[in-house]
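Asks: Sharing a structure here in structure tokens format.
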């Protein structure tokens, strides 16, 4: 009798996810990302999955990131990456930059050949300022999916970072699973 009572709330939660919450996902490539987002993470073994949740039910719904799972098209579960995992891997793209205001300026062929510095953006020191590190991490944290309570009619859109050599269209065919609900990207 006790086990039946304990299973009842679990079944209600699953039903509310299936009936009242809409889940959408997409694997992003560089052009899909917001301006000033550190897109270099795509070249360093990470992928960005855009998650969209909308509560269409008549009651509040709590979302917990730990309940979200991402799978490749081959059915392998992809491991979640946090901003603290990503930031150290992409710092090499920001050496000599004293302030983070988005991705670094592209260098011209002449600047690469003659090792010239880009005017006003880079300094000759091969180091990254603390302000740049904090800026990169804060942008990643600002966009990442978080635990949230959605009121009826409310929607949220955020990024879920995973460790993957593939990204964008190369990752398509995979899926996101939330409480048994499976949505392809």
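What follows is calculated from the coordinates using simple rules that are stated; it is not laboratory data. Predicted model, so just to flag it, every value in this text is computed and none were measured. With ideal geometry, Cβ positions are generated from the backbone for all residues, glycine too; neighbour counts draw on all protein chains shown.
Asks: Report the FRET efficiency, 1/(1 + (r/R0)^6), for residue 84 and residue 169, where r is their Cβ-Cβ distance and R0 is 45 Å, rounded to 0.05.
Replies: 0.95
Asks: Once the Cβ-Cβ distance between residue 24 and residue 95 is put in as r, and R0 is 45 Å, what FRET efficiency do you end up with, to the nearest 0.05?
Replies: 0.75
Asks: List the residues of region 26-51 whose backbone N lies under 15 Å from a point placed 7 Å from the Cα of residue 156 along the Cα-to-Cβ direction.
Replies: 50-51
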